[in-house]
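Shown next, in C-alpha cells, is the structure this report addresses.
The values are calculated or read from the model by the stated rules, or taken from the named source; none is laboratory data. As the structure is a prediction and not an experimental result, all values here were calculated from the model. All Cβ positions, even for glycine, are placed from backbone atoms using ideal geometry, and neighbour counts span all protein chains on display. Surface areas here come from the heavy atoms of the whole protein model, side chains and all, with no ligands, DNA or RNA. Shrake-Rupley method; radii C 1.70, N 1.55, O 1.52, S 1.80 Å.
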Amino acid sequence: MRSEKKSSGQDNLGFDMDLRSQPKAKAEEDCVSSCVSDKDRNKPTYCVTDVPPWYLCIFLAIQHYLTAFGGVISIPLILSEGLCLQHDSLTQSHLINTIFLVCGLCTILQVTFGVRLPILQGGTFALVTPAMAMLSMPEWKCPDWTQDASLVNTSSPEYIEVWQTRLRTLQGSIMVASVLQILVGFSGLIGFLMRFIGPLTIAPTVSLIGLSLYDSAGDRAGSHWGISAMTTVLIILFSQYLRLIPIPVPVYSKTRKLHTSKFYIFQIMPILLGIAVSWLVCYLLTIYDVLPADSTRYGYLARTDVKGNVVGEASWFTFPYPGQWGVPMVSLAGVIGFMAGIICSMAESVGDYYACARLSGAPPPPKHAINRGIGIEGVGSLLAGAFGTGNGTTSFSENVAALGITKVGSRTVIFLSGVFMILMGILGKFGAIFTTIPNPVIGGMFLVMFGVITAAGISNLQSTDMNSSRNIFVFGFSMFSALVIPNWIHKNPDNLQTGVKEVDQVLRILLTTNMFVGGFLGFVLDNTIPGTKRERGLLAWDKVHLEDSDNTFGTEEVYALPFGITSYLRSKSWVRYIPFCPRDKHGSQHKTEDSDVPQSRGTEHGAQVTEEFAF
C-alpha cells in the first residue's frame with residue numbers, strides 16, 4: 001500500500017522512482033507522513049513550507065515558468081494590434097520582456113508578503129478585453145498607414161508617438177483602476193463583495209473573456225489555416241493523448257548510480273512543444289521557399305523571416321523601468337472599463353487561493369491572508385501599469401492546476417519561478433526570439449487557449465443546480481446579451497450619443513466589453529431573482545472554502561508574515577483593527593497535540609524524500 005501511494009505522488013512529478021531499494025525501516029517511517037497518508041493519496045509530496053532539494057527546485061521552477069509561458073506571451077501579442085505595433089517587432093519584444101519582468105516581481109511579492117501560497121502571478125485576460133474595447137474607439141483607431149508594412153518607419157517620431165500615446169493612456173488608466181483593488185484588498189472589503197458574487201456571475205464573466213477574443217484568434221489562424229491547424233493538433237496531441245506517456249532520460253544517484261528515469265515532458269510543456277514543432281516546420285518551409293515570398297499572397301505570414309532581423313537588432317540585455325514610454329495619461333472611460341475587469345479578476349483570484357491551499361496541503365486561507373493577496377495583486381497591477389505592460393497581474397489558474405499534477409506545493413519553488421521570470425525579462429534577445437513566431441502558429445495556440453478559458457468559466461456552474469429554470473435563464477440571457485449588445489454597438493457606434501462626450505466614451509467601452517455586459521447582467525439577475533443558496537451554488541462554494549480544515553500545517557505556520565513581522569505585530573493592541581494583519585485568536589497558543597504532530601512529520605517527510613529525488 002505504501003509503495004503505491006508514494007509512486008502516486010512522485011510519478012505526477014514527472015519521474016518514476018524505484019522505491020523497493022529503500023530500507024524497510026524508512027518505509028515504515030514514511031507511512032506516517034502527514035502529506036501522503038492512507039486517507040488521502042492526493043496530499044502533496046512537499047507542502048507549502050517544505051524546501052525541496054536545490055536541483056528539484058530549479059526543475060520545478062522552470063516547469064511553472066513554462067506553464068505560464070503561453071498565457072503571458074499572448075497578451076502583448078494581442079495588444080500589439082490595438083497599439084498599431086503589428087509591424088514593429090522590436091517594440092513587441094520589449095513589451096514581452098517588460099511583462100515577464102513585472103510578473104516575476106509580482107510573484108515574489110505575493111509569495112513573500114501576499115497570500116503566501118505557492119501561486120504564480122501573470123498577466124490577466126480580464127484587462128485585455130476592456131483594453132481592446134478602448135483601443136477600438138474611433139479616436140484611438142490606428143491610422144491606415146500603420147497597417148501597411150511598406151509605409152511604416154519604426155524609428156520615425158510620428159510612428160513612435162502613435163503607439164506611445166496609446167500605451168501611455170493604457171498605463172495611466174490601469175494605474176488608477178488598480179487603486180480600487182488595493183483599497184478593496186487592504187480594507188477587507190473583498191469579503192463583503194464575495195457575498196454577492198456567485199457562480200452565476202463568475203461563469204459568464206470568465207467565459208466571455210475567451211469568447212470575445214475569437215476575432216483575434218481567427219485573424220491569426222486564418223493567415224495560414226494549414227499551419228494553425230497543425231499547431232492546434234500538436235498541442236491537443238501532447239496535452240491530452242500523450243500526457244501520461246513518459247520519456248526515458250538518463251539520471252544519476254548515489255544509490256543507483258547511472259540509470260534511466262521517466263520524464264513526463266508532454267504533460268509539463270505541451271504548448272511550448274506544439275509551438276516549437278510548428279515553428280520549426282515554418283522555418284524549413286521558409287528556407288526551401290515553399291511558402292510564398294510575396295507579401296500579397298496567402299500564406300506569406302507563415303514565413304519565419306517576415307519580421308526581418310529583429311533578433312540581431314535586439315540588445316542582449318534590456319532593463320525595463322517605470323515610465324519608460326513617457327508620462328502616463330488617464331482616460332476616464334478606460335479607468336471604468338478596467339475597474340470592471342479588476343472586479344472580475346479579484347473574484348477569480350479568491351477562488352484560486354482556496355484551490356491552491358487545497359492542492360498544496362495548507363489550511364484554507366484566513367481573511368487577513370486573502371485581504372493581503374488581493375491588495376498585493378493591486379500593487380502588482382500598479383507596477384504593471386507603471387512599467388508599461390499595457391496589462392495588470394493576477395493569479396494564474398494554470399499554475400494552480402499544475403500543483404495537482406506535480407504534488408509539490410512548496411512556495412520556494414514559486415519564488416524561484418519569479419526569479420526566472422525576472423531574468424527572462426532582462427534578456428533582450430529572449431523577447432525578440434518570440435516575436436518571430438509566425439502568425440498562424442500563434443493563431444493555433446489561441447484556438448486552444450481561448451477555448452480552455454471559455455470552458456473554465458462555464459465549469460463554475462458545476463456547483464449550481466442547472467436543472468433549475470431560474471439558473472438556465474440567468475446564464476443563457478447573460479451570455480447571449482453579452483454577445484448581441486457589443487456587436488450592435490461596434491456596427492452602430494454613432495447611435496450611442498448622450499450629448500456628453502465623456503459619458504459616451506464610458507458607455508461605449510463598457511457596452512462593447514462582453515465580459516462586463518455578461519457579468520453585470522448575471523450579477524443583477526442572480527441577486528434579484530428569488531432562489532435558494534443551494535440552487536445558486538453558494539452553499540457548495542462555502543463548503544469548498546471550509547473543507548480540509550484539518551490540514552497538515554497550522555494556519556499561522558503558512559500565512560504568517562515573514563522576517564518576524566507577525567511576532568512584532570502581535571505585541572501591538574491596534575493590530576486587531578488592521579484587516580490584513582494576522583491576529584492572535586483566542587486559544588491559538590494552546591494547540592492540541594494533533595495539530596502539532598502533522599507539522600513536524602511533514603518536515604521529517606520532506607527531509608526523507610529529499611534523498612530520493614536525485615539526478
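Please list Tyr559, Tyr283 in order of solvent-accessible area, largest first, computed with a 1.4 Å probe with all protein chains present.
So, going from the largest accessible area down, we get Tyr283, Tyr559.
How big is the gap, in Å, between the Cα center of the range 161-202 and the Cα center of the range 493-528?
17 Å
Could you pull the accessible area for Ile62 with a 1.4 Å probe, rounded to 10 Å²?
For Ile62, solvent-accessible area is about 70 Å².
Per 10 Å bin, what percent of the C-alpha pairs of the range 395-491 does each bin hold, from zero upward?
Pairs per bin, as whole percents: 11, 23, 32, 21, 13, 1.
Show me 89-99, 513-523, 49-59 ranked by packing, highest mean number of other Cβ atoms within 10 Å first.
513-523, 89-99, 49-59
So what are the radius of gyration and Dmax for the Cα set of the range 187-280, in Å?
For the range 187-280, the Cα-based Rg and Dmax read 21.2, 58 Å.
Taking the Cα centre of the range 125-225 as the origin, how large is its charge dipole in debye, to the nearest 20, when only Lys and Arg (+1) and Asp and Glu (-1) carry charge on their Cβ atoms?
Approximately 480 debye in magnitude.
Once you have the Kirkwood Rh of the range 346-409 from its Cα pairs, apply Stokes-Einstein at 20 °C and 1.002 mPa s and quote D in µm²/s.
Here the translational diffusion coefficient equals 170 µm²/s.
Scattering from the C-alpha atoms of the range 308-391 alone, worked out with Debye: what is log10 I(q)/I(0) at q = 0.13, 0.17, 0.19, 0.21 1/Å?
Results for the range 308-391 at q = 0.13, 0.17, 0.19, 0.21 Å⁻¹ read -0.65, -0.86, -0.94, -1.01.
Relative to the Cα centre, what is the charge dipole magnitude of the range 231-313, using +1 at the beta carbon of each Lys and Arg, -1 at the beta carbon of each Asp and Glu, and rounding to the nearest 20 debye?
In debye, rounded to 20, the range 231-313 gives about 700.
How far apart, in nm, are two points set 7 Å out from the Cα along the Cα-to-Cβ line at Arg576 and at Thr154?
6.1 nm
Go through the range 556-563 residue by residue and turn each phi into a ³J(HN,Hα) via Karplus (6.51, -1.76, 1.60, θ = phi - 60°); whole Hz please, and just put x for glycine and proline.
Listing the rounded values in order: 4, 4, 8, 9, 5, 6, x, 6 Hz.
Ranked from highest to lowest mean number of other Cβ atoms within 10 Å per residue, what is the order of the peptides 456-469, 309-322?
Per-residue Cβ counts within 10 Å, averaged per peptide and sorted highest first, yield 456-469, 309-322.
One-quarter of the Cα convex hull surface for the range 50-89, in nm²?
One quarter of the hull surface, i.e. the mean projection, equals 4.0 nm².
Placing +1 on the Cβ of each Lys and Arg and -1 on the Cβ of each Asp and Glu in the range 167-278, which of Val251, Ala217, Pro199 has its Cα farthest towards the positive end of the resulting dipole?
Val251
Expressed as a whole percentage, what fraction of the accessible surface of the range 421-489 belongs to carbon and sulfur atoms when a 1.4 Å probe is rolled over the protein heavy atoms?
74 percent
Relative contact order for the range 76-174: what percent, with Cα pairs under 8 Å and sequence separation of 6 or more?
About 34 percent, as a whole number.
How long are the semi-axes of the equivalent ellipsoid of the range 90-186, taking √(5λ) for every eigenvalue λ of the Cα gyration tensor, in whole Å from largest down?
Computed over the range 90-186, the values are 32, 17, 11 Å.
Could you order the peptides 253-262, 214-223, 445-454 from most to least packed, using the average number of other C-beta atoms within 10 Å per residue?
Per-residue mean Cβ counts within 10 Å order the peptides as 445-454, 214-223, 253-262.
Do the alpha carbons of any pairs in Lys307/Lys491; Lys141/Lys501; Lys141/Lys491 sit beyond 21 Å of each other, and which pairs?
Long pairs (Cα-Cα over 21 Å): Lys307/Lys491.
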